[in-house]
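Trainee: The structure follows.
The values are calculated or read from the model by the stated rules, or taken from the named source; none is laboratory data. Here the structure is a predicted model, which is why all the values come from computation and not from measurement. Virtual Cβ from ideal backbone geometry, glycine too; neighbours counted across all protein chains shown. Protein only, heavy atoms only, side chains kept; ligands, DNA and RNA dropped before computing areas. Shrake-Rupley method; radii C 1.70, N 1.55, O 1.52, S 1.80 Å.
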Amino acid sequence: MNYLSTRGGASTDDLNAVLTGLSPDGGLFVPEKMPEVDVKALLELPTLEMGAGILSAVLPSFENMGELVKAAYKDKFETNDIAPLVPLGDDYVMELFHGPTSAFKDVALSMLPHLMTAGRRQTGETGETVILTATSGDTGKAALEGFHDVPGTRIIVFYPDGGVSPIQRRQMVTQQGGNVNVCAVKGNFDDCQSAVKTAFTSLSGSEKLSAKGMKLSSANSINIGRLASQIVYYFSAYASLLKQGRISFGDKVDYVVPTGNFGDILAGYFAREMGLPVGRLVCASNDNKVLTDFFMTGTYDRRRVFIKTSSPSMDILISSNLERLLYMKSGDASLVKDCMDKLKAEGVYTMPESVMSSIRADFCAGYCTEEEAAREIRRVWDEKHYLCDTHTAVAMKVARDYKRQRNGDAPVVILSTASPFKFPAWVLEALGEQVPADEFEQLDRLSRVSGLAVPDNLSALRTMEELHTGSVGREDIIDYILSVLGIE
Ligand SMILES: *Cc1c(COP(=O)(O)O)cnc(C)c1O
């Protein structure tokens, strides 16, 4: 399948799109044409086979997809069902956090190393693939978990110093493995992500790296291999609703997605373009509501204060995957390039009204303040005895707002992206409980209060040694990368 850069400067096949991650012109790869699938037949398959069918449609050059999918997910998740759909009142919560690091990033990052290893084998790649990753908290650990000790790969993770939860930090700095590095970056997530992207573009053609047989790639959602795996759970939720008799084939379902980098919700748009009867895709933001404003006005304006919230994985003002939507909706790479240049230089761009109205036909958006998120956690617990994390709370509140003003009554699926135990202090506070200073005491208390068990991977952190305690300024990222790679 042919993939094009959103900025018009490059094209490649699906194997190389996954292996390289980012296009050399700074754009993101999108399929030249959406693959056609037999939706009805896919929905009747068991989840892993459905996944293999969807992944082979999006990434057709990969051989033995069924085997790759099995190897990626077998015995990795707490529940047999990778994305259980839990009824909550009239709505449904899709729990995506039962993987090895307790966040939804596990769904895609369990798969990506298998895609990369297969891609390397098929293209005869013998050098080392160096994966650079910027994380707002959850991608980092999920990528480390997926890539540690995978032959032929090396992974370097950068996270914003003070910009992730204490548990998220601890998950990363205790990571073992001969091929991993983790480093804090002074600044917020946008600083971190921009610096990593710059390092990526300036090092990707570097002779110093190629002389050592090294090639860069990315585990961020700019990599199409990640998006591809996320399409699957939009189908699996729809299949569950069919099985439960809640809908008939062809009925629309609305999805509400807690959003940061726009990767998760964009996978829903891919599902829709592949023929899944998706109604509205509702983009839920926290106080960093740059996307809500964009959907409303057509102007994307990142010139505002970056707010640190209790949903740190959504603390983002430069939402990178939106670029893919702009390209798919406008079909105009020079418009997209122009907007992205403006975003970089001036911090703002405006989309033509024609493109916006096509976007608004599929998407709507809303946001949730800090107080509202805390109240939502408490409300859902008191009224429904369901414990949700701070990111999911944002989506729950936006879902209620959405239902009040929409037409129709399609079932609403709320994507739950993290375990409440990843953010125990905020969740306890929202419940009106005392918050112990020690993060492991917080876990114990939350477990007592809720009657739920602490996920094993988080309990295990208690006794693990901190191995990666370094930090760098964002201007030193390139030097740091060269030095861990042993390049002068
Ligand atoms: C990454 C993340 C999000 C946002 O997902 P995007 O694909 O970046 O929009 C939401 N919630 C949690 C818990 C996350 O880790």
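Trainee: Starting from residues that are modelled with pLDDT of 95 or more and hydroxyl-bearing (Ser, Thr, Tyr), keep the ones in region 78-116 and report whichever is farthest from the ligand (Cβ to nearest atom).
Mentor: TYR92
Condition check ((1) hydrophobic (A, V, I, L, M, F, W, C); (2) surrounded by 16 or more Cβ atoms within 10 Å (Cβ to Cβ); (3) modelled with pLDDT of 95 or more; (4) within 29 Å of ALA239 (Cβ to Cβ)) across all residues:
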{"residue": "TYR3", "(1), (2), (3), (4)": "no, yes, yes, yes"}
{"residue": "ALA10", "(1), (2), (3), (4)": "yes, yes, no, no"}
{"residue": "ASP14", "(1), (2), (3), (4)": "no, yes, yes, yes"}
{"residue": "ALA17", "(1), (2), (3), (4)": "yes, yes, yes, yes"}
{"residue": "VAL30", "(1), (2), (3), (4)": "yes, yes, yes, yes"}
{"residue": "ASP38", "(1), (2), (3), (4)": "no, no, yes, yes"}
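Trainee: Of everything in region 99-134 that's without any contact (Cβ under 8 Å) to a residue 60 or more places away in the chain and part of a loop (DSSP other than H, G, I, E, B), which residue is surrounded by the most Cβ atoms within 10 Å (Cβ to Cβ)?
Mentor: GLY99
Trainee: Oh, and also: Among the helices (runs of 4 or more DSSP H) lying completely within region 1-58, list those that include at least 2 residues that are within 16 Å of MET116 (Cβ to Cβ) and within 19 Å of the chain's Cα centre (by Cα).
Mentor: Ranges flagged: 14-20, 47-58.
Trainee: Pull out all pairs, ordered by first then second residue, where Cβ-Cβ is under 7 Å, the residues are six or more apart or on different chains, the first lies in region 160-174 and is more than 15 Å from GLY470 (Cβ to Cβ) and touching a residue at least 12 places away in the same chain (Cβ under 8 Å), and the second is charged (D, E, K, R) and not in a loop (DSSP other than H, G, I, E, B).
Mentor: Correct list of pairs: SER165/LYS422; PRO166/GLU439; ILE167/LYS422; ILE167/GLU439; GLN168/ASP138; GLN168/LYS141; GLN168/LYS422; GLN171/LYS141.
Trainee: If you don't mind, another one. Within region 44-61, which residues are open to solvent by 10 Å² or more (accessible area, probe 1.4 Å) and not hydroxyl-bearing (Ser, Thr, Tyr)?
Mentor: Selection gives GLU44, LEU45, PRO46, LEU48, GLU49, ALA52, GLY53, ALA57, PRO60.
Yes/no per residue for (1) in contact (Cβ under 8 Å) with a residue 60 or more places away in the chain; (2) small (Gly, Ala, Ser); (3) assigned to a loop (DSSP other than H, G, I, E, B); (4) open to solvent by 50 Å² or more (accessible area, probe 1.4 Å):
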site	(1), (2), (3), (4)
LYS308	yes, no, yes, yes
ILE316	yes, no, yes, no
ARG324	yes, no, no, no
LYS329	no, no, no, no
ASP338	no, no, no, yes
LYS342	no, no, no, yes
TYR349	no, no, no, no
ARG360	yes, no, no, yes
CYS364	yes, no, no, no
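Trainee: Anything in region 314-346 that is more than 17 Å from ASP25 (Cα to Cα) and touching a strand residue (DSSP E or B) at 6+ places or on another chain (Cβ under 7 Å)? List them, or say none.
Mentor: Across region 314-346, the qualifying residues are MET314, MET328.
Trainee: Also: Does region 223-261 hold any residues that are open to solvent by 10 Å² or more (accessible area, probe 1.4 Å), assigned to a helix (DSSP H, G or I) and in contact with a Lys or Arg (Cβ under 9 Å, 6 or more places away or on another chain), and which are they?
Mentor: Result: SER240, single match.
Trainee: Which of the residues spanning region 230-268 are within 12 Å of the ligand (Cβ to nearest atom) and hydroxyl-bearing (Ser, Thr, Tyr)?
Mentor: THR259
Trainee: Moving on to the next point. May I ask you to say which residue of LYS141, LYS197 is crowded, with 19+ Cβ neighbours inside 10 Å, within 16 Å of the ligand (Cβ to nearest atom) and at pLDDT 95 or above?
Mentor: Just one listed residue meets the conditions, LYS141.
Trainee: Report yes if GLU433 is assigned to a helix (DSSP H, G or I) and either without any contact (Cβ under 8 Å) to a residue 12 or more places away in the chain or farther than 19 Å from PHE97 by Cβ (or both), otherwise no.
Mentor: When the stated conditions are applied, GLU433 does not pass them.
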